[in-house]
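J.: Just passing along the structure, written as structure tokens.
The values are calculated or read from the model by the stated rules, or taken from the named source; none is laboratory data. Just so it is clear, the structure is predicted and the values come from calculations on it, not from any experiment. Cβ: placed from backbone, ideal geometry, glycine included. Neighbour counts: every protein chain shown. Side chains are part of the model used for accessible areas, which takes the heavy atoms of the whole protein and leaves out ligands, DNA and RNA. Shrake-Rupley method; radii C 1.70, N 1.55, O 1.52, S 1.80 Å.
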Amino acid sequence: MLESFFYPQIRFSSVMYSTQELELFPDRTVTQLLFKDVKNAAELRKNAMEGKINGALINPSMIVSPFQVLVAANKAVHLHSTGKMKTRSLYSEIIYNLSPTNNISEAFKRFGMSDSDSAVLIVLVHLKEETQHMTDIIAKVDGQQIPIEDVSMLTDTAKVKKLYKTTPQEDTCLLDAVVCRMATKDVM
Amino acid sequence: MAVEGTSVALPQFLKKIELIKQGAEARVYRGSFLGKPTIVKERFPKLYRHPLLDEKLTHRRTVQEVRSILRCRKAGISAPVVYFVDYTSHCIFLEDIVGSITVRDHIASTQLSSAQKSPEEHLDQLAQKMGQILAKMHDEDVVHGDLTTSNMLLKAGAESGETELVLIDFGLSYISALPEDKGVDMYVLEKAFLSTHPNTEALFEKLLKAYAASSKKSHAVIKKLDEVRLRGRKRSMVG
Ligand SMILES: Nc1ncnc2c1ncn2[C@@H]1O[C@H](COP(=O)(O)OP(=O)(O)O)[C@@H](O)[C@H]1O
Ligand SMILES: [Mg+2]
């Protein structure tokens, strides 16, 4: 209690974003940032398409947990390294991997940010020491950054269940159901 | 980053984590993946097989394993979550059922424990649960292909205190509605069960009884099981 009173910034920064080293690619780190009340979604999307934002812009209502994004990112880096991606860039591959189907345009429609969105989850894959990039992106978003774990409050559970076609028996853990489908979609 | 088509990252990762089982078909490892406790199952090339045939078989087993896991999970049958699959090195990354033990080890230690006056009675509930879950699996037309007490894990339930039975090792599984296939599945289990665990005939009967009681389709399966048993006996009499 006292500690969080005296060091509010430290506590604040540790929960704001999530970083996870990819154990299979130890020089790569995945960072996730979450924003609400975003007013410049269209501009951000344009930036991403022009390569000015090196990251994947994701619709957070389809995300159950940051772990779901990590699974997509790991698979994207893996397929990138073996030359077997289904899309043109690492970031589009992350969005594609989130989808339970092999339809690319459908994946972008459901999991990518759209111009009218007011919340966005941004995923970056970078070298551990490369943090400037993150600061640049935060500066580009006209919105309020919120702790990444709050993504669960933005989840549209009914939509997620419908899109991933989960069964009532899987309701005990929606994340598990989602992750299983993402990981196995190539052979279904 | 890598030679086109193959991953250098994976072999390097496997070197760093703990090898827990070196089998004839696969190596099983334990480590951390995306921050979670994970089991990695690596199916390695078998040098005595023709490389193309080997590749095809190994690929098929990897695919069958993840397909059946998903099919079971959809039906509410516990099996580990699949986190990641690499079809080039034939590695499956699975949820580590932390703190679990195999049914084999559980039965063995219960039988040994002198504290149990009647170990078989103590194991009745487990046999019942096994029968019920296998009936449910067969009702989904999943034939496991390698039913043994090592391919079932017991996991302490979160709050309920009840133990959960988790099915694993689906590499030889396939989809079939035929009572014959399911009967053979149960026959394989019976053989493995009785040879691994001495004096468990009565216990296995309880398992079969629960199996029969749990599924409408079980009658035809048990009939086939009886036929297969008879065939097995005849064969051993002749051979
Ligand atoms: N998901 C898991 N969680 C915990 N332990 C596991 C898991 N998967 C396998 N194991 C352990 O590893 C052993 C071998 O795994 P298995 O998939 O049966 O491979 P094999 O084909 O070599 O028998 C199991 O008997 C069990 O002890
Ligand atoms: Mg096994």
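J.: Based only on Cα atoms, what Rg/Rh ratio does region A:68-138 have, Rh being taken as Kirkwood's radius? Before the final figure, lay out each step's value.
T.: On the way: Rg = 12.9 Å, Rh = 13.1 Å.
With Rg and the Kirkwood Rh in hand, the quotient comes to 0.98.
J.: When the Karplus curve 6.51 cos²θ - 1.76 cosθ + 1.60 is applied with θ = phi - 60°, which whole-Hz ³J(HN,Hα) does each residue of region B:34-50 get, with x for Gly and Pro?
T.: Residue by residue, region B:34-50 yields 6, x, 10, x, 9, 9, 10, 10, 10, 8, 9, x, 9, 5, 6, 9, 4 Hz.
J.: Determine, at each q value in 0.08, 0.13 (inverse angstroms), the log₁₀ of I(q)/I(0) that the Debye formula gives when each Cα of the protein assembly as shown is one equal point scatterer.
T.: -0.53, -1.16
J.: Which values, in whole Å and largest first, are the semi-axes of the equivalent ellipsoid of region B:1-56 obtained as the square root of 5 times each eigenvalue of the Cα gyration tensor? Write out the running numbers ahead of the final one.
T.: Working: eigenvalues 102, 56, 14 Å².
Semi-axis lengths for region B:1-56 are 23, 17, 8 Å.
J.: A follow-up question, please. What whole-number volume per residue, in cubic angstrom, does the convex hull of the C-alpha atoms of region B:174-239 give? If you can, show how the numbers build up before the last one.
T.: Details: hull volume 6.6 nm³, N = 66.
So the per-residue hull volume is 100 Å³.
J.: Ignoring any ligand, DNA or RNA, what whole percent of the accessible area of chain A comes from carbon and sulfur when the probe is 1.4 angstrom?
T.: Details: 4910 of 9040 Å².
C and S atoms contribute 54 percent here.
J.: When Lys and Arg each count +1 and Asp and Glu each count -1, what net charge do the other residues less than 13 Å away from B:Thr102, Cβ to Cβ, add up to?
T.: Values: positive: B:Lys21, B:Arg104, B:Lys155; negative: B:Asp105, B:Asp169.
With Lys, Arg at +1 and Asp, Glu at -1, the net is +1.
J.: Quick check: net charge around A:Asp186, other residues with Cβ under 15 Å of its Cβ, Lys/Arg +1 and Asp/Glu -1?
T.: Working: positive: A:Lys75, A:Lys84, A:Lys86, A:Arg181, A:Lys185, B:Arg60, B:Arg67; negative: A:Glu93, B:Glu65, B:Asp86.
That works out to +4.
J.: Size of region A:17-184 along its principal axes in angstrom, Cα-based, largest extent first?
T.: 44, 37, 27
J.: So what J values fall out for region A:29-39 if you push phi through Karplus, 6.51 cos²θ - 1.76 cosθ + 1.60 with θ = phi - 60°, rounded to Hz, Gly and Pro as x?
T.: Whole-Hz 3J(HN,Hα) from phi for region A:29-39: 10, 10, 10, 10, 10, 10, 10, 10, 6, 7, 9.
J.: Oh, and also: In region B:1-77, what GluC sites (Glu not before Pro) fall in a loop by DSSP, with at most 12 other Cβ atoms inside 10 Å?
T.: B:Glu4
J.: Next up: Can you tell me, using C-alpha contacts under 8 Å and at least 6 residues apart, the relative contact order of chain A as a whole percent?
T.: Numbers: 281 pairs, mean separation 63.5, N = 188.
Here the relative contact order equals 34 percent.
J.: Keeping all protein chains in place, calculate the accessible area per residue for region A:17-184 (probe 1.4 angstrom), answer in Å².
T.: Details: 7150 Å² over 168 residues.
Accessible area per residue: 43 Å².
J.: Which whole-number value in Å² is the accessible area per residue of region B:1-152, probe 1.4 Å? Mind dumping the intermediate values first?
T.: On the way: 7220 Å² over 152 residues.
Dividing the accessible area of region B:1-152 by its residue count gives 48 Å².
J.: If you line up the Cα atoms of chain B on their principal axes, what length do they span on each, largest first, in Å?
T.: The principal-axis extents, from largest down, are 58, 44, 34 Å.
J.: Which value, in Å² and to the nearest 10, is the accessible area of A:Leu127 when all protein chains are kept and the probe is 1.4 Å?
T.: Here the residue's solvent-accessible area equals roughly 70 Å².
J.: Averaged over all directions, how much area does the convex hull of the C-alpha atoms of region B:1-124 cover when projected, in nm²?
T.: Working: hull surface 43.4 nm².
The Cα convex hull of region B:1-124, projected and averaged over all directions, gives 10.8 nm².
J.: Considering protein heavy atoms only and a 1.4 Å probe radius, which residues within region A:140-188 exhibit an accessible-area decrease of no less than 30 Å² in the full assembly relative to the chain by itself?
T.: Listed by number, the residues meeting the 30 Å² cut-off are A:Gln169, A:Glu170, A:Asp176, A:Cys180, A:Arg181, A:Ala183, A:Thr184, A:Val187, A:Met188.
J.: Moving to a separate point now. How much solvent-accessible surface does B:Asp181 expose, in Å² to the nearest 10, with a 1.4 Å probe and all protein chains in place?
T.: 40
J.: Report, in whole Å, the centroid distance computed from the Cα atoms of region A:74-90 and region B:138-158.
T.: So the separation of the two Cα centres works out to 34 Å.
J.: OK, next. Taking the Cβ of B:Arg229 as the centre, find all other residues whose Cβ is under 12 Å away and add up their charges (Lys, Arg: +1; Asp, Glu: -1).
T.: Numbers: positive: B:Lys191, B:Lys223, B:Lys224, B:Arg231, B:Arg233, B:Lys234, B:Arg235; negative: B:Glu190, B:Asp226, B:Glu227.
That sum, taken over residues with Cβ under 12 Å, equals +4.
J.: Computed on alpha carbon atoms, what radius of gyration and Dmax characterise region A:19-118, expressed in Å?
T.: Rg then Dmax for region A:19-118, in Å: 13.2, 38.
J.: What total accessible surface area, summed over both chains, is buried at the interface between chains B and A, computed with a 1.4 Å probe and given in Å² to the nearest 100? Let's see the in-between values first.
T.: On the way: alone 13600 and 10470 Å², together 21280 Å².
Counting protein atoms only, the buried area is about 2800 Å².
J.: Seen from all sides and averaged, what is the projected area of the convex hull of the Cα atoms in region B:62-156, in nm²? Could the numbers behind the result be given before it?
T.: Numbers: hull surface 27.8 nm².
Dividing the Cα hull surface by four gives the mean projection, 6.9 nm².
J.: Now for a separate question. Of B:Lys182/B:Lys216; A:Lys109/A:Lys159; A:Lys162/B:Lys74; A:Lys84/A:Lys161; A:Lys36/A:Lys140; B:Lys74/B:Lys217, which pairs sit farther than 18 Å apart, going by alpha carbon to alpha carbon? Intermediate results must be reported in sequence, preceding the final value.
T.: On the way: B:Lys182/B:Lys216 13 Å; A:Lys109/A:Lys159 13 Å; A:Lys162/B:Lys74 14 Å; A:Lys84/A:Lys161 29 Å; A:Lys36/A:Lys140 14 Å; B:Lys74/B:Lys217 20 Å.
A:Lys84/A:Lys161; B:Lys74/B:Lys217, as the Cα separations exceed 18 Å there.
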